[in-house]
Protein chains: 2
Amino acid sequence: MIERNNLMNQIRKGIYTSPTSGLVHGYAQANLVVLPKKDAYDFLLFCQRNKQACPLLDVTDVGSPVPQMIGANADIRTDLPRYRVYRYGVLTEERTDITSLWEEDMVGFMIGCSFTFEDALIANEIPIRHQEENVNVPMYQTSIPCEGAGIFHGNVVVSMRPVPEEQAVRASLVTARFPSVHGAPIHIGNPAAIGITNIHKPDFGDQVTIKDGEVPVFWACGVTPQAVAMASKPALMITHAPGHMFITEIKNEQLGVL
Amino acid sequence: MIERNNLMNQIRKGIYTSPTSGLVHGYAQANLVVLPKKDAYDFLLFCQRNKQACPLLDVTDVGSPVPQMIGANADIRTDLPRYRVYRYGVLTEERTDITSLWEEDMVGFMIGCSFTFEDALIANEIPIRHQEENVNVPMYQTSIPCEGAGIFHGNVVVSMRPVPEEQAVRASLVTARFPSVHGAPIHIGNPAAIGITNIHKPDFGDQVTIKDGEVPVFWACGVTPQAVAMASKPALMITHAPGHMFITEIKNEQLGVL
């Protein structure tokens, strides 16, 4: 475990540019979507209508890069390890800083990330394979449609963790306590049932080993807006790079219910 | 219990114009806020930042009076028993139909109502005094500030139910299962601690008896936007009349977590 302030400095300076799963245990993590104000209402409504994929932890004031409710000391233009830039639905660029792209009318949407409940899974002796294998979590496009809102439409993206069959229900219960970081799984088992044709070829992140006796468990993922950008083709959407999250100033457990 | 379709017809026709607590058991109820599109982003953000007071169940498309996700067969202009009209922060009118006020750019916000979890409280042998006394639930302005968003600011409004002291924790647990209809109480006990000077004079709804051995329990209330209208003074905000709710097409239990 890396010391929090040290890591945050390394991220801010562009020195740490890797995925954030398993880093600074205890602090919630968040996905990022940046849009100009003209598209912000449609996207805010999209999040409201698709709470499991896009549970909002915070929305910045127009033009402000500070997520007051989850990171009053942060700047979302520099404080994520890696960003993606989508123009008219095409991924045009990856960068480690978006300061030069920031405009006065931009709004940052901070969406809960399932890395947040991985500590709770580990505490329940449920293994996190991508941490064990030191890779990014595997993520997949699905055939599950989101509810559209204004210009935004597209399908849900999921993250996948292999879980021993006998622990799949426990994994569901443990994560259901954290609805603001995607909550319970949306699917357990057969990948084809949700439109995933090859479990060994994730659309985002890395492949992980699925051992005998394990079942793939799928959680709604905050990369969904990136699939939505590709489908809806807004002029500009800036996001985190999948797996390269914003580390908030709030504790995982503060997001737990019951 | 009144038969659902019969009641919905009576409401639509303006025959039933009374509070809705305890009506058509099993169906979730919702608060209403109608605003022109120009104020809709600020209000949607206000709801996102104040989820306990303003948990959104649905937001209509611009100009549509149909809340697709919670009442695909409904029309929010006619299907609530009573409405209030706030102009520049002043309550100017109460009506039983807002069709003639509806404009093409209007947006309806449907906010979860705590009447939804009253069935669960009753199932736990926790009495609902305003139902027993056949009056509207008492509601109070508090000194608890909401997080502001754009033009909207103001204090939280709470509903109050007297609960036998030994059942206050149980009442908290039972209602915490329903975060989208305000969830757990925000305060138990001393009204003065949240700025309520006279528990016998509610700001909205009716007074109820608090018996010896009972403690007042306060839940965040979807009338909060009406206090916010009074504080923020938007040109126009149309709401339900406190206690006179929209009865959705979804079941209470569908909103329960864990």
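Between copies, how far apart are the A:Lys37 label points? List them in nm, one decimal, shortest first, with each point 7 Å from Cα toward Cβ, please?
Values, ascending and in nm: 1.7.
Near A:Thr92, within a Cβ-to-Cβ distance under 13 Å, what is the net charge of the other residues, with Lys and Arg +1 and Asp and Glu -1?
Around A:Thr92, the surrounding residues sum to +2.
Counting only GluC sites (Glu not before Pro) that sit in a DSSP loop (anything but H, G, I, E, B) with at most 11 other Cβ atoms within 10 Å, what is the longest stretch of chain A containing none of them?
A:126-258
In whole angstrom, and with the biggest value first, how far do the Cα coordinates of the range B:116-220 range along each principal axis?
42, 29, 23
Using a Gaussian network model of chain B whose springs link C-alpha atoms within less than 10 Å, name the residue from B:Ala30, B:Ala193, B:Ala53 with the highest mean-square fluctuation.
Fluctuation is largest for B:Ala193.
Please work out the Cα convex hull volume for chain A and give it in Å³ per residue. Intermediate results must be reported in sequence, preceding the final value.
On the way: hull volume 28.8 nm³, N = 258.
In chain A, the Cα convex hull volume per residue is 112 Å³.
Subtracting the Cα-Cα distance from 0.36 nm times the residue separation, let me have the gained length for A:Ala235 to A:Leu173 in nm, one decimal.
That pair, A:Ala235 and A:Leu173, stretches by 18.3 nm at full extension.
Averaging sequence separations of C-alpha pairs under 8 Å and six or more residues apart, then dividing by the length of chain B, give the relative contact order as a whole percent.
It comes to 31 percent, rounded to a whole number.
Kindly provide the trypsin sites (Lys or Arg not before Pro) of the range B:11-60 that DSSP labels as loop, not H, G, I, E or B, and whose Cβ sees at most 13 other Cβ atoms within 10 Å.
On the way: sites: B:Arg12, B:Lys13, B:Lys37, B:Lys38, B:Arg49, B:Lys51; in loops: B:Lys13, B:Lys51.
For trypsin sites (Lys or Arg not before Pro) across the range B:11-60 that sit outside H, G, I, E and B with at most 13 neighbouring Cβ atoms in 10 Å, the list reads B:Lys13.
Give me the percent relative contact order of the range B:160-258, please, defined on Cα pairs under 8 angstrom at least 6 residues apart.
37 percent.
Given springs between every Cα pair under 10 Å in a Gaussian network model of chain A, which of A:Ile247, A:Ile186, A:Ile76 has the largest fluctuation?
Judging by the Gaussian network model, the answer is A:Ile186.
Cut-off under 20 Å on the C-alpha distance; same-chain residues fewer than 8 positions from B:Lys201 excluded. Which aspartates and glutamates are left, in chain and number order?
Leaving aside aspartates and glutamates fewer than 8 places away in the same chain, those within reach of B:Lys201 are B:Glu132, B:Glu133, B:Asp212, B:Glu214.
Could you give the alpha-carbon Rg of the protein assembly as shown over 2.2 N^0.38 Å, rounded to two decimals?
0.99
With the label 7 angstrom out along Cα to Cβ, how close does A:His153 come to the same site in each of the other copies, in nm, nearest first?
From this label point to the equivalent ones elsewhere in the assembly: 4.0 nm.
At a temperature of 20 °C and a viscosity of 1.002 mPa s, determine how fast the range A:186-258 diffuses translationally according to Stokes-Einstein, using the Kirkwood radius over alpha-carbon pairs as Rh; express D in µm²/s, rounded to the nearest whole number.
It comes out at roughly 140 µm²/s.
Looking at chain A as a GNM with Cα springs under 10 Å, which of A:Asn136, A:Asn155, A:Asn198 has the largest mean-square fluctuation?
Of the options given, A:Asn198 has the highest mean-square fluctuation.
I need to check one value: relative contact order of the range A:41-136, counting alpha carbon pairs closer than 8 Å and at least 6 residues apart, in percent.
26 percent
Over what distance in Å are the Cα centres of the range A:25-52 and the range B:141-213 separated?
30 Å
Computed from the coordinates by the stated procedures, all read-outs in this text should not be read as laboratory data. Small disclaimer: the values here were computed from a predicted structure and weren't measured. Neighbour counts run over all protein chains shown; Cβ positions are idealised from the backbone, glycine included.
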